């Protein structure tokens, strides 16, 4: 690898990409409350900080590294998401290692794709995600093809303890490998990898020793947490359980999500794949099989989610990058007309988009239809005119550049929305699980009551009765909330959180305030207009579940503290 | 069907992946241990899981189980340097027919018993609730040692390894525990059968035996080599004692005559003295046995009877495997069966080890590699953890095999005997170390070994019990002794056998006399020692049923009983003479003779093993005639139970091998007669299974088949089933429920949910812990909590015992004078339906 071989312009572009990647991954990382799944993981390592034993879930590497960070720093949402963010950031670097295989320009394009890919960003900003596994498998592959035996072993060992991501990455890879081996294409020219991969590394004892030591030493954090060894096989169980659980999105929503979130990757990836297969490129053939295998597994998985497309992002975006890199160059004489065409395309489609955005809530569907068809017709006519006036190649290049620019803007905008940096609680199809939009408000309210009555935060008793939630427990962790199935009404509870239908009346001694606890969207009931409204404006009807925060009356000025309570 | 298939697949995969390990462990067997790979995988995999979880290195979850199994598989690959597929192909190339029959047998047995269980799946009655409680507790315990489900706050004080193995499979396959229980019974049945087949096959296909048969021009074929060993699992698992046959005769009215009053009487049945068969049969007579006022299939496990001096009958348990599987209690003696067979295989492998090889440990030559020896120690130690009674038996067998192996190479008996004793100490030490976490928390009810003075087994009962096994064995031994027509050594054998027998009798009866006379002789000894010994003497005399009797009187009675019913000891003596004669004839005297004799006389270590297991059975049946382990029961019931059970294992294998020798060795008219006798024996032994299956499955239709042993709850008490389902999903905590006697419906909540209760069956807890100290006042405190109107009193007890759930169902309402007002006023119900309410309680809250 030699970064110095980049031209100055390329270096600038790369560092810009890196800067944006850092920004989009780390900015306001801790702003959104942890989801139940994230909180469940983070809570696992909280006791480790306090020195007591913990039950290890199936994400050992994440838990171990985050546990270290919790010891060194505070236990905040930001720290809980730092490890996936860092590994996600590392993914942006990795294309540079494969310059030799995919080309310098394609490496930079791929870095850009990975930097702004919504799936990659979502993974990077989610605690316990598969960003770790993706990074490690890519790095281990580079080490493997560069014959670094011990390093490959170490990284493979880390990959083995990377959690559920190990299996979600490995399964399509193995299926693709099997399909490639079965239907191998005899090629006469190679584009990308070395002519034959050397698998003899797996016969070397040093490799396996490195794997074993890596798993045992890192997996137990140098024997500090030997029970974490259980977490590695547990990740297989968790992965298989996803397959046994229904509750995933319907396949059509997956396709829709792919189009909405990954248009650039899909368009150029498919294009690049077809071109590569026709051109007998081994790399393209393998990457295409990988994409197909991954998509097939997503579609047959009953627990499928849009974010699962992240597991085929790498091969898809690689194909897309290789394809796009071919189209950046232009003969000098065609540069201006091509640029002009591109600007025309950008302008036309922008207006077209704004028209659709304006009309989406209009009662006049005919106008909307006219806007859509009219815009498309104008574009076709323009293309025809440019072909007539200049050449087909100029028209094609111009349209392509325009499309690339628009898709870049669109992707960036989608990525920004997915990141949640600007707006809290924004609903995204890529994260269809329930969100907790008012957790921070609940926390703030509890904090205020504590300050009023105790003079400081984290000094009031909080009881959660009749339900539990990892996200809530994480949010209120500083108060050591007591989760109980029932409450003894004769006791002096100060703050109590219940669901609205909790069978116990706390009586006049308490004052309550409801908060939106859980927000879900019924994606399956969306109509076409609903989809457009969401794509354009991110406006959507949500279903809210609330909880009630009860505060004992004497915690407020003038309140009474008489006990016992009347049943 | 799905659950069955998943279990079949998982156990099959485990067996396949364990092939490298078993081949390393048992390289001297013809099948390289193929039949035992599933058992080894389960035992070693569970051991690794249990040990690492006990040390908090792994967690008690699927991840921990998978990690342990991965360690087991990798260890096997590493030490054997073979991959599972290569290990399989190695056996496949030379034994396709064997593998096909073995796999077919396993599937057939697994399926057959699963269907039988599905026809009668309920986990109720006898010890089943206890076993399910252990399994559910192990499933729910966050770590090991697992919590005692019937005594919250304590860990299990019992040999629970078999339940760990069961729980491991249940957890790995995600089947409900009620289904897993019945699948485990079926799996143990299948593993036992396939192991027995493998053992018999490996004995008869050992090189020396095949050479000897060929040299003697006996008829043999691959057909007989592959199919005849099936008699071994048949005799182990299906053939039963002759009590079933007697039931048919009894129902038919055979040997009953009418007296002058028209009443039926029979000298024969009175002389036979088997309970219930002494009463006249129902008329009109028929060939269909029935027991309107009892359980027809129960008596076969209670053939023997002891009578004390007052004439009171003391129940003796003489179970055999088919009864155990019909009853389907997952008790330790059942769970240990496949692993006991694995121990037999290890001993056989040791005996078959080549002349050279092995290693030296502290001057003791051991014909294993160091790793084999360590693993064998682990496996032997596992027997103590599975069923403590089995440990000394299989340790002794292993040591006997070791001693014979040494003697066959260097005939210095006394030196080898001493070294073998040292080896025993080493292995016991190793076995305890490997299972230390178990021993740390374990307390035993055993109270020492005492002489069985006046109690002995009548010959007729002995033959009813072991007849189906003894007949083929006797025929074969007689054939092997008589056929060569070489009588030298017979005199010596008779002397040795008689001498051994009289020595044991002398020691046993002499010790009995000594203890019985302690009361007389120690009168003058001052101090506590004298008083304790005198008390022991008096207790011993009272056990015999005598309030006052001199030791001499008791001695006369002891001798008199044995002489008046000599069948048992005469049988053992005759068998002992035959075995000893064969051993003397075939055991080489010098090292050079080893190879010579192998060619000439057909001596082969496999033959020695065959003789050894018959000899082991003789000792196992002889010992309880003179000694037994004192426990809470006070008489030799348990000792006979455990020792006779292992005798059945040994002798059923010997019977299977004997049939092979008789079938292929004797031709012509004699061959026909022998085969006819075998057919009669088999038919007689199959009488009981017919009765048992008919009685327990009745008119079950295929549509009624259901493996879930807890589904009865949903049918007969849906409210309670709903409450239990709720508790199964609830957070782990201590349950308060009503307390009652053993073998009842009490403790059902803890049993079915795995959530520990305050107190389950007090009688069992007392047995397990050797007393009631740990139980304390729980029984009365539980009653107080339910019945007191004072909330403070109740809540302080609830806090003291950290109760989380207060369960009130019909049983609680009928057991106590329930005052639930206090619960209603102060607690919130977390579950309620028509007849059950569960209150949640948080014992951590401080009270003003």
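Some values worked out for this structure:
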| read-out | value |
| --- | --- |
| Candidates B:314, B:344, B:277, filtered to the one that is surrounded by 13 or more Cβ atoms within 10 Å (Cβ to Cβ) and part of a loop (DSSP other than H, G, I, E, B) | B:277 |
| Sole residue being surrounded by fewer than 16 Cβ atoms within 10 Å (Cβ to Cβ) and either touching a strand residue (DSSP E or B) at 6+ places or on another chain (Cβ under 8 Å) or at pLDDT 85 or above (or both), chosen from A:459, A:438, A:444 | A:444 |
| Unique match (being surrounded by 16 or more Cβ atoms within 10 Å (Cβ to Cβ), part of a helix (DSSP H, G or I) and touching a residue at least 40 places away in the same chain (Cβ under 8 Å)) among A:287, A:307, A:299 | A:307 |
| Unmet requirement for residue B:776, which otherwise passes all of (1) in contact (Cβ under 8 Å) with a residue 12 or more places away in the chain; (2) on the phi > 0 side of the Ramachandran plot | (1) |
| Residue satisfying condition, being more than 14 Å from chain B (Cβ to nearest Cβ) and in contact with a helix residue (DSSP H, G or I) (Cβ under 6 Å, 6 or more places away or on another chain), within set A:248, A:269 | A:269 |
| Helices (runs of 4 or more DSSP H) enclosed by region B:358-455 - at least 3 residues per element that are over 24 Å from the mean Cα position of the chain (by Cα) and on the phi < 0 side of the Ramachandran plot | B:370-386, B:390-407, B:413-434 |
| Those residues of region B:816-838 which are part of a helix (DSSP H, G or I) and facing another protein chain (nearest Cβ under 9 Å), in sequence order | B:824, B:825, B:826 |
| Verdict on residue B:533 being at pLDDT below 75 and assigned by TED's automatic domain parsing to the domain that holds residue B:480 | yes |
| Unmet criterion (only one of (1) in a helix (DSSP H, G or I); (2) within 14 Å of chain B (Cβ to nearest Cβ); (3) at pLDDT below 90) for residue A:165 | (2) |
| Count - residues of region A:256-271 that are within 20 Å of the chain's Cα centre (by Cα) and either over 21 Å from residue A:98 (Cβ atoms) or in a helix (DSSP H, G or I) (or both) | 11 |
| Yes/no for residue A:313 being within 20 Å of residue A:118 (Cα to Cα), away from chain B (no Cβ under 14 Å) and touching a residue at least 60 places away in the same chain (Cβ under 8 Å) | yes |
| Output for region B:705-723, where each listed residue is in contact (Cβ under 8 Å) with a residue 12 or more places away in the chain and over 21 Å from residue B:830 (Cβ atoms) | B:705, B:706, B:707, B:708, B:709, B:710, B:711, B:712 |
| Residue match in region B:666-678 (condition: part of a loop (DSSP other than H, G, I, E, B) and over 30 Å from residue B:116 (Cα atoms)) | yes |
| Residue that is farthest from the chain's Cα centre (by Cα), among those in region A:203-245 that are more than 10 Å from chain B (Cβ to nearest Cβ) and assigned to a loop (DSSP other than H, G, I, E, B) | A:204 |
| Within region A:272-284, tally of residues that are in a helix (DSSP H, G or I) and surrounded by fewer than 17 Cβ atoms within 10 Å (Cβ to Cβ) | 4 |
| From the options A:64, A:72, residue that is closer than 20 Å to residue B:59 by Cβ, away from chain B (no Cβ under 14 Å) and at pLDDT below 90 | A:64 |
| Enumeration of residues in region B:793-812 that are farther than 25 Å from residue B:134 by Cβ, touching a helix residue (DSSP H, G or I) at 6+ places or on another chain (Cβ under 9 Å) and modelled with pLDDT under 95 | B:793, B:794, B:795, B:797, B:798, B:800, B:810 |
| Top-ranked residue in region B:50-107 [being buried (at least 17 other Cβ atoms within 10 Å of the Cβ) and not in a helix (DSSP H, G or I); ranked as farthest from the other protein chains (Cβ to nearest Cβ)] | B:95 |
| Subset of region A:32-58 that is part of a loop (DSSP other than H, G, I, E, B) and at pLDDT 85 or above - its residue that is farthest from the other protein chains (Cβ to nearest Cβ) | A:32 |
| Among (1) buried (at least 24 other Cβ atoms within 10 Å of the Cβ); (2) touching a residue at least 40 places away in the same chain (Cβ under 8 Å), the one test that residue B:14 misses | (1) |
| Pick from region B:131-151, criterion closer than 17 Å to residue B:724 by Cβ and surrounded by fewer than 24 Cβ atoms within 10 Å (Cβ to Cβ), ranking: farthest from the chain's Cα centre (by Cα) | B:140 |
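Yes/no matrix, rows are residues, columns are (1) free of Cβ contacts under 8 Å to residues at least 40 places away in the same chain; (2) farther than 24 Å from residue B:828 by Cβ:
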site	(1), (2)
A:441	no, yes
A:446	no, no
A:452	no, yes
A:457	yes, yes
A:461	yes, no
A:464	yes, no
A:468	yes, no
A:474	no, yes
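The values are calculated or read from the model by the stated rules, or taken from the named source; none is laboratory data. Just so we're clear, the structure is a prediction, and the values are computed from it rather than from any experiment. Because the Cβ atoms are built from the backbone with ideal geometry, glycine has one as well, and the counts that use them run over all protein chains shown.
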